[in-house]
Amino acid sequence: MKTALITGISKGIGKALAQRYLQEGWNVLGTSTTGAVDFADKNLKVFKLDLSSPESIKACAKAIASSGLKIDVLHNNAGVLLDDEETRLIVDKLRLTLEVNLIGTIDFCERIIPIINKDGHIVNTSSQAGSLTREDDDSATHFPHHYPAYKISKTALNMYTRTLSGRLMREGTGIIVSSVHPGWVRTAIGGDEAPVSPEEAAEDLFKLATSRPETGQFWFKGNKYPW
């Protein structure tokens, strides 16, 4: 039985993604900030993880490793949007955003890599907001100068995808690394007006994660997205 590790499964895309894997008979190791979620399955195990806390990251990664399961797909899905209405960069919000969306995510990922199976897949949930050359798409109604801290974090996460994919390829691990723009999704971050449901986004993510795409690329609905 294959195993997926998904951060942030208590709601939104993460919850829909966990349920999608469970429907396919996978083991799912999920995380939430409380260590609890509002659904259950015999193949689901939930761990407490606060990506803003180095101690929590270390403890969670150790607990997952102690489970004895090897990971086939890692979804670095958890993230925050703290400056939704801001057009000016607020340094305190930038620090907090980077701690979760970038530094904490990288710290957790690096600790999990040793237990990822050869030919596994690491999928980083990014955003069109992190693209430096993006064309207008379904998220065009978002104002171009809003949420600068969030945009910076996702652009930096994309660079992590690039650097990590090159490293793992040189090491001969066979592990693919992908960034994915899930679309403008109806979540706490995307808002109620977003046109894409969490289930629709999860389906696209599942299809990409369980395939063997070119490593080190940025994807949207199965197509390469501009960096």
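The values are calculated or read from the model by the stated rules, or taken from the named source; none is laboratory data. Since the structure is predicted, the reported quantities are computational estimates derived from the model, not experimental observations. Using ideal geometry, Cβ is built from the backbone for each residue, glycine included, and neighbour counts are taken over all protein chains shown.
Structure data summary
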quantity	calculated
Checklist (1) among the β-branched types (Val, Ile, Thr); (2) under 21 Å from ALA18 (Cα atoms); (3) surrounded by fewer than 20 Cβ atoms within 10 Å (Cβ to Cβ) applied to THR105, failing item	(3)
Pairs, first farther than 20 Å from GLY120 by Cα in segment 201-226, second hydroxyl-bearing (Ser, Thr, Tyr) and modelled with pLDDT of 95 or more, C-beta under 6 Å, six or more apart	PRO226/SER131
Qualifying positions in segment 171-213 - over 17 Å from GLY8 (Cα atoms), modelled with pLDDT of 95 or more and either assigned to a strand (DSSP E or B) or touching a Ser or Thr at 6+ places or on another chain (Cβ under 9 Å) (or both)	ILE175, ILE176, VAL177, SER178, LEU208, PRO213
Condition met for LEU17 (assigned to a loop (DSSP other than H, G, I, E, B), buried (at least 20 other Cβ atoms within 10 Å of the Cβ) and either in contact with an Asp or Glu (Cβ under 6 Å, 6 or more places away or on another chain) or not charged (D, E, K, R) (or both))	no
